[in-house]
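Participant: I have a structure I would like to understand better, so I am pasting it below and will then ask my questions one at a time.
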Amino acid sequence: MALTYSNATEHGIRIPTFSLPGVDGKNYTLDHFKNRRGLLVVFMCNHCPYVIAVHERLSQIARDYADHGISVIGVNSNDPEYREADSFENMKKISIEWKLAFPYVFDETQEVARAFGAVCTPDPFLYENKKGDFLLRYRGRIDDSWQDIHAVKENSLRIAIDTLLAGKPSITSEHASMGCSIKWRK
């Protein structure tokens, strides 16, 4: 496991387009979320201990903010040849086992991860929908204690979502997300 930190990303940049197959048999594109106020894209995988530790928090965020117009989508861009646990078939199993409350999609070519600039799992990107134009509002950690939910003092991602929903300017002081590096194809 190689600990990797996300990079700072300029706020206001447009979301890259994508068309990715979900474990539920649907294909997901930005059109799927066009009527939502915001979209949280989380690069994740099945085997990373950082993702394993926070997947329930991500599902809770999806449930808590669904009625407020925020959608969540999980994207696995890892090379399954590097780690079989990250295969599409195993994604289907994990989605059920973890009871994910959001679509989980596979970026087999890794083009989507590269377009976003994703580097680790989890690597969350929060976008605000401005009349069909999704603009980056936050990229950073979920909270300040990935290992122990009971030790969390700052729910960074929830603060960013609440800020978006309140129509306030983006948070300017972000903390990098940290996790396993994305397993790139050779």
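The values are calculated or read from the model by the stated rules, or taken from the named source; none is laboratory data. Because the structure is predicted, anything quoted here is derived from the model rather than measured. A quick note on method: Cβ atoms are made from the backbone with ideal geometry, for glycine too, and the neighbour counts reach across all protein chains shown.
Participant: Could you check, for the stretch 135-146, whether at least one of its residues is modelled with pLDDT under 95, aromatic (Phe, Trp, Tyr) and not in a helix (DSSP H, G or I)?
Facilitator: Checking the stretch 135-146: at least one residue is modelled with pLDDT under 95, aromatic (Phe, Trp, Tyr) and not in a helix (DSSP H, G or I).
Participant: Listed residues 82, 127; which is touching a residue at least 24 places away in the same chain (Cβ under 8 Å), surrounded by fewer than 16 Cβ atoms within 10 Å (Cβ to Cβ), of a type in the set (Phe, Trp, Tyr) and outside any helix (DSSP H, G or I)? Don't jump to the end; show me each part of the working.
Facilitator: Details: 127 fails: surrounded by fewer than 16 Cβ atoms within 10 Å (Cβ to Cβ).
Just a single option satisfies the conditions, and that option is 82.
Participant: Could you check residue 153 against (1) surrounded by 11 or more Cβ atoms within 10 Å (Cβ to Cβ); (2) in a loop (DSSP other than H, G, I, E, B) and say which number it fails?
Facilitator: Of the numbered conditions (1) surrounded by 11 or more Cβ atoms within 10 Å (Cβ to Cβ); (2) in a loop (DSSP other than H, G, I, E, B), the odd one out for residue 153 is (1).
Participant: Could you go through the stretch 36-59 and let me know if any residue there is surrounded by fewer than 23 Cβ atoms within 10 Å (Cβ to Cβ), touching a strand residue (DSSP E or B) at 6+ places or on another chain (Cβ under 9 Å), of a type in the set (Ser, Thr, Tyr) and assigned to a loop (DSSP other than H, G, I, E, B).
Facilitator: No, the stretch 36-59 has no match at all.
Participant: Then there is this: Can you name every residue in the stretch 156-170 that is farther than 17 Å from residue 130 by Cα and either loosely packed, with under 14 Cβ neighbours inside 10 Å or not hydroxyl-bearing (Ser, Thr, Tyr) (or both)? It would help to see each step written out before you state the result.
Facilitator: Narrowing the stretch 156-170 to residues farther than 17 Å from residue 130 by Cα: 156-159.
Listed by number, the residues that qualify are 157, 158, 159.
Participant: Say we look at the stretch 129-186 and pick out the residues that are of a type in the set (Val, Ile, Thr) and touching a helix residue (DSSP H, G or I) at 6+ places or on another chain (Cβ under 7 Å); which of these is farthest from residue 54 (Cα to Cα)? Full working, then the answer.
Facilitator: First, the residues of the stretch 129-186 that are of a type in the set (Val, Ile, Thr): 142, 149, 152, 159, 161, 163, 171-172, 182.
The next check asks that each one be touching a helix residue (DSSP H, G or I) at 6+ places or on another chain (Cβ under 7 Å); those that pass are 142, 149, 161, 171, 182.
Details: 142: 8, 149: 8, 161: 17, 171: 22, 182: 17 Å.
The residue in question is 171.
Participant: Taking the stretch 1-28 on its own, how many of its residues are farther than 22 Å from residue 161 by Cβ and among the β-branched types (Val, Ile, Thr)?
Facilitator: Final tally of qualifying residues: 3.
Participant: A follow-up question, please. Identify, please: which residue in the stretch 105-124 is among the β-branched types (Val, Ile, Thr) and in a loop (DSSP other than H, G, I, E, B) and is, among those, nearest to residue 176 (Cα to Cα)? Walk me through it before giving the result.
Facilitator: First pass over the stretch 105-124, keeping only residues among the β-branched types (Val, Ile, Thr): 105, 109, 112, 119, 121.
So of that shortlist, the ones also in a loop (DSSP other than H, G, I, E, B) come out as 109, 119.
Details: 109: 25, 119: 11 Å.
The extreme case among them is 119.
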